[in-house]
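Participant: The structure under discussion is supplied below as structure tokens; questions concerning it will follow.
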Amino acid sequence: MKNICVIGVGYVGLVTAAAFADLGNRVIAVDISEEKIEGLRRGVMPIYEPGLAEMVQRNVRAGRLSFSTAYTEGLKDAEFVFICVGTPEGVDGEADLQYVRMAAETIAQLMDHPLIIINKSTVPVGTGDWVADIIRQNQIKPIDFAVVSCPEFLREGSAIHDFMSPDRTVLGSENRAAADAVAQLHLPLRAPIMVTDLRTAEMIKYASNAFLATKISFINEIANICESLGADVQEVARGMGFDKRIGSQFLNAGVGYGGSCFPKDVKALAYMAQVRGKHPQLLHAVMEINDFQRRVAVVKMRDLVGGDLQGCTIGLLGLAFKPGTDDMREAPSLTIAELLREAGATVRGYDPVAMDNVARTHPWIVLAENAYDLVTGCDGVIVVTEWNEFKQLDMERVRKLMTRPNLVDGRNIYDPVHMREMGFNYRAIGRGYNGEG
Ligand code: UDX
């Protein structure tokens, strides 16, 4: 059993705190947000993540997990401090490290015993050295510490699974003993543990996310080519995936990737390269294709309604950047909604869990109660997020509720033949000529 302090109770920090507590450690999670900490003490989660509330509440009851706004409380008995604060996109695309700096400075000023400080937030290559400098500069008196990079590979919507069953744990440090101590924390996960240097560990995170984003933009480019050649990208992806060197995952064509990671991380990696005189052509192409892909769905809908979206009512089925989360950061639905609005359409939206977030930031999107309410009176519907509850809708009822049966399947969740049999003017992404499947 170890004493762990986690700084930041966002998507990464809260999962990290709950999971390490679930493994039997004593964890104090610290955040500067009174609202979040008070809510967590009452069992209210600041984010939607399947299974998280139960894990948090169970470990709070067991006395392994607690929450505080006071760094002093979190650091008092800590042996390990995980920095899990946000690293949002800054100007020009580089990561904004103000929260990492604040955390490092506060830890340095308050620490009164040796600590192992672990960067779990996604940070630019070299940040580990920068954090060590900040700590040395801000300590009241010199106290031993080590910095370890331990990047997260958690997907929203399956973060607990990904934490408990990782493909690998990557650790980077100039202090091997510190890296080995952090490795011990991860032994119960029974996954490969790789120990390398700080910069390499930080780069593994960026390279991994950039590669996954590249796979997505690759299959979206193939989808667009399929539409000019009459091929079906879903079948193409299936045929490719049998090749173990390619793999079948992350080859789902659609309206592109969103979220708090891929957009930010690809841009940050390109920025890191550019400021050092490199020319990240491939990363720029990945971003360009992803931006274009959001437009594809709107262009298809404009064609279906007869060439002009002015005065049309268009419904968006699904708003979150992916199923299983309420996260709207960089969600394709927001770009699609803005494009529709600019074209003069009224935009309606429905999402099983993300609606509160949308209502706060996009009050002009008319929110519906459920999928059937969403489609009612629409001249067209675009499937943006592939929630399971959309996959078996009563299509007869949907068609009757719509003013016009125009449907763009932005995530290829329906069967084109069936949809046409049901009387829909149906378009998909990369499925036959012009996505007509
Ligand atoms: C990602 C990485 O998967 C994870 O390892 C990293 O730690 C954080 O970033 P996340 O962004 O939560 O996780 O979700 P992910 O499941 O990777 O999907 C990212 C985006 O790609 C979503 O918008 C999703 O809709 C899109 N996507 C994913 C596709 O468009 N096609 C695919 O085949 C897969």
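Participant: Output the residues belonging to segment 204-214 that are more than 17 Å from His284 (Cβ to Cβ) and buried (at least 21 other Cβ atoms within 10 Å of the Cβ).
Facilitator: Lys205 - this is the single residue of segment 204-214 that is more than 17 Å from His284 (Cβ to Cβ) and buried (at least 21 other Cβ atoms within 10 Å of the Cβ).
Participant: Given the criteria at pLDDT 95 or above and away from the ligand (no atom under 16 Å from the Cβ), does Asp96 qualify?
Facilitator: No; evaluated as a whole, the condition is false for this residue.
Participant: OK, next. Starting from residues that are surrounded by 16 or more Cβ atoms within 10 Å (Cβ to Cβ) and among the charged types (D, E, K, R), keep the ones in segment 339-382 and report whichever is nearest to Gly315 (Cα to Cα).
Facilitator: Arg348
Participant: What number of residues within segment 227-240 satisfy the criterion of being in contact with a Gly (Cβ under 6 Å, 6 or more places away or on another chain) and either over 27 Å from Leu319 (Cα atoms) or open to solvent by less than 10 Å² (accessible area, probe 1.4 Å) (or both)?
Facilitator: 2
Participant: Can you name the residue in segment 291-331 that is part of a loop (DSSP other than H, G, I, E, B) and of a type in the set (D, E, K, R) and, of all such residues, is surrounded by the fewest Cβ atoms within 10 Å (Cβ to Cβ)?
Facilitator: Within segment 291-331, the match that is surrounded by the fewest Cβ atoms within 10 Å (Cβ to Cβ) is Asp308.
Participant: Select from segment 219-248 the residues that are free of Cβ contacts under 8 Å to residues at least 24 places away in the same chain and within 22 Å of the chain's Cα centre (by Cα) and list them in ascending order.
Facilitator: Result: Gly247, Ser248.
Participant: Considering only segment 157-202, how many residues are open to solvent by 40 Å² or more (accessible area, probe 1.4 Å) and either in contact with a strand residue (DSSP E or B) (Cβ under 9 Å, 6 or more places away or on another chain) or farther than 30 Å from Met328 by Cα (or both)?
Facilitator: 17
Participant: Next question, about the same structure. List, please: which pairs have Cβ atoms under 9 Å, are six or more places apart or on different chains, and start with a residue in segment 330-343 that is charged (D, E, K, R) and end with one that is assigned to a helix (DSSP H, G or I) and crowded, with 19+ Cβ neighbours inside 10 Å?
Facilitator: The qualifying pairs are Glu330/Phe262; Glu330/Pro263; Glu330/Lys264.
Participant: For segment 313-339, which residues satisfy the criterion of being more than 16 Å from the ligand (Cβ to nearest atom) and in contact with a Lys or Arg (Cβ under 9 Å, 6 or more places away or on another chain)?
Facilitator: Those that are more than 16 Å from the ligand (Cβ to nearest atom) and in contact with a Lys or Arg (Cβ under 9 Å, 6 or more places away or on another chain): Thr313, Ile314, Gly315, Leu339.
Participant: Can you tell me which residue in segment 254-294 is farthest from Val408 (Cα to Cα), limited to those that are hydroxyl-bearing (Ser, Thr, Tyr) and within 11 Å of the ligand (Cβ to nearest atom)?
Facilitator: Filtering first and then ranking leaves Ser260.
Participant: Failed condition for Val298, given (1) touching a helix residue (DSSP H, G or I) at 6+ places or on another chain (Cβ under 7 Å); (2) within 24 Å of Val347 (Cβ to Cβ); (3) within 11 Å of the ligand (Cβ to nearest atom), with all others met?
Facilitator: (3)
Participant: Right, here's the next one. Looking only at segment 1-44, which residues are hydrophobic (A, V, I, L, M, F, W, C) and open to solvent by 50 Å² or more (accessible area, probe 1.4 Å)?
Facilitator: Within segment 1-44, Met1, Leu23, Ile32, Val44 qualify.
Participant: So, one more: Quick check on my filter: what residues within segment 1-52 are away from the ligand (no atom under 16 Å from the Cβ), closer than 22 Å to Pro188 by Cα and in contact with a Phe, Trp or Tyr (Cβ under 6 Å, 6 or more places away or on another chain)?
Facilitator: Selection gives Ile4, Val6, Val27, Ala29.
Participant: Is it the case that Val299 is touching a residue at least 12 places away in the same chain (Cβ under 8 Å) and of a type in the set (A, V, I, L, M)?
Facilitator: The answer is no for Val299.
The values are calculated or read from the model by the stated rules, or taken from the named source; none is laboratory data. What you see is a predicted model, and the numbers here were worked out from it, not measured in a lab. Don't worry about glycine lacking a Cβ; one is built from the backbone with ideal geometry, like all the others, and counts go over all protein chains shown. For accessibility, only protein heavy atoms count, side chains too; no ligands or nucleic acids. Shrake-Rupley method; radii C 1.70, N 1.55, O 1.52, S 1.80 Å.
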